[in-house]
Amino acid sequence: MSATSAKTDQESSSTLRSEIEALAKAACRASATLGELPAERKNAWLSRTAERLEAARESIMAANAKDVEAAADKGISAPLRGRLEISDRKWDDMIQGLRDVVALPDPVGRISNHSVRPNGLRIGQMAIPLGVIAMIYESRPNVTVDAAALCVKAGNAVILRGGSEAIHSNLALGEELRAAARDEKIPEDAITIIPTTDRAAIDVLLKLNDSIDLVIPRGGAGLIHKVIAESTIPVIAHDAGICHVFIDESADTQMSIDIVRESKIRQMAVCNAVETLLCHRAASKTVLPSVLKSLHEAGVEIRGCEETRAVFSESVAATEADWSEEFLSPTLAVRVVASMDEAIDHIRTYGSNHTEIIITNDYANSQNWLRRVNSSTVGVNCATGFSDGFELGLGAEIGISTSKLHAYGPMGLEGLTTRKFILIGEGQLRG
């Protein structure tokens, strides 16, 4: 590399750093104002955003089509292109998500944990915004709208850095988000879209402790691990969705077929799709073959342990790597276990703290499962797809945290606030 080239690269890097720092500082200033706005003002922005997005639907869809076409040209797999595309259903969910967030109570200013000390001093905790949240994510441009909606409603400014594959979609959506802010006279810098696809922008963001309060990454393992390793700002990780369903020895066959089938094929390229099926040995010859037959007929490849292959000949041999794989495709790892203890041990060894479901008709086993399995969402006799902000009544979700500190599981408004202690006295002195 010539001296001239090196100098040009340094100047380019310095310019990028200055631009990102300026955006973050503007977001920080905006957050101070946003945190004091009443719910009515924030709700007006949400409603106006829905209106503007609907009016701009044609141009946004055109931008998204441009991204999808470019992804196909680059050889990006069909499941990942599915995440990138804004389908009619995703569009409707995105708009409904804005309206759902309008209907949710504003958490900011809510006082909880009231108590009175022996000296008469009254104590409470008040919910307050976190400040500035940086979202770093891949594919899924609907995350741009969902994240902005929740962050703003909770009084936070948000910096959105989507993947390069969705740059046209995100810029088109961001334009309407910021225009709605101008319309409603709230700080437009409360919603910032990083306009560059240069990955160096992420490196800069992860060091801006003075302006950013929290980083939330959503995407593949490479992105998550990079952010956790390099950020000097607290991180809440949305890690891999290695979700499990366990067919207990008492499970009903038809219920097992229905739950496993929907958990796998409703949407395969999402983090709450089941990736590993565990089956109690006592149900492996009665329930499991019917479940696997239904999946196989739907085009799902079964990768099984030796016992699975013995009861279902169409399955192929599973490898050790399959137990910790997020397939996001028509592939399912299947293992027969001797007991619930062995099923739980498997989840603790290979799982990602996402979602685990038991299918059972035994009440004691169901309660044992709920108590002992400590992933972020744990259920009985239901599909894994219920691990979702909409389904849990949170409105749009900003992600599903697999980090146990601060927020765990689907994150809605409450997860985007923290609490300060408030003291109300009548002249008390500590003495």
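Taken together, the values in this text are just the output of simple stated rules run on the coordinates, not laboratory data. If you're wondering where the values come from, they're calculated on a predicted model, not measured in any experiment. We place every Cβ from the backbone using ideal geometry, glycine too, and count neighbours over all the protein chains shown.
The mean sequence distance of close C-alpha pairs (under 8 Å, at least 6 residues apart), as a share of the length of region 238-307, puts its relative contact order at 39 percent. Take the Cα of Ala221, go 7 Å toward its beta carbon, and the backbone nitrogen atoms of region 263-293 under 18 Å from that spot belong to 269-277.
Ranked by how many other Cβ atoms sit within 10 Å of their own Cβ, fewest first, the residues Ile247, Ile128, Ile136, Ile424 fall in the order Ile424, Ile128, Ile136, Ile247. Note on Glu306/Arg371: beta-carbon distance plugged into 1/(1 + (r/R0)^6) with R0 of 41 Å gives a FRET efficiency of 0.85. With a cut-off of 13 Å between beta carbons, the residues surrounding Ile265 carry a summed charge of -2, where Lys and Arg count +1 and Asp and Glu -1. A Förster radius of 51 Å, combined with the Cβ-Cβ distance separating Asp198 from Thr349, puts the computed FRET efficiency at roughly 0.85. Shown here for region 252-346: trypsin sites (Lys or Arg not before Pro) in loop regions (DSSP other than H, G, I, E, B) with at most 14 other Cβ atoms within 10 Å, namely Arg266, Lys285.
Backbone amide hydrogens, once placed in the peptide plane, bring Ile357 within less than 5 Å of His244, Val245, Phe246, Gly379, excluding anything fewer than 5 places away on its chain.
For the chain, the relative contact order works out to 18 percent when only alpha carbon pairs closer than 8 Å and six or more residues apart are counted. Per the Kirkwood treatment, what hydrodynamic radius in Å, one decimal, follows for region 243-386 from the mean inverse distance over all distinct Cα pairs? Every distinct Cα pair counted, the radius reaches 14.5 Å. Amide hydrogen proximity for Arg218: with H placed 1.01 Å from N in the peptide plane, the residues at 5 or more positions away or on another chain lying under 5 Å are Ile136, Tyr137, Glu138. The HN-Hα couplings worked out from phi for region 271-285 by the Karplus form 6.51 cos²θ - 1.76 cosθ + 1.60 (θ = phi - 60°) are 6, 9, 7, 5, 10, 9, 10, 10, 9, 4, 4, 5, 10, 6, 9 Hz, whole numbers, x standing for Gly and Pro. Compared with the dominant Cα axis of the chain, that is its longest principal axis, helix 167-183 is turned about 50°. Summarising the label geometry, the points placed 7 Å from Cα in the beta-carbon direction at Glu297 and Glu69 lie 4.1 nm from one another. Here the label points at Phe386 and Ser18, each 7 Å from Cα along the C-beta direction, are separated by 5.5 nm in the simple model. Taking Lys and Arg as +1 and Asp and Glu as -1, the other residues whose beta-carbon sits under 10 Å from that of Leu328 total -2. Once Rg and the Kirkwood radius are both taken over the C-alpha atoms of the chain, their ratio Rg/Rh works out to 1.02.
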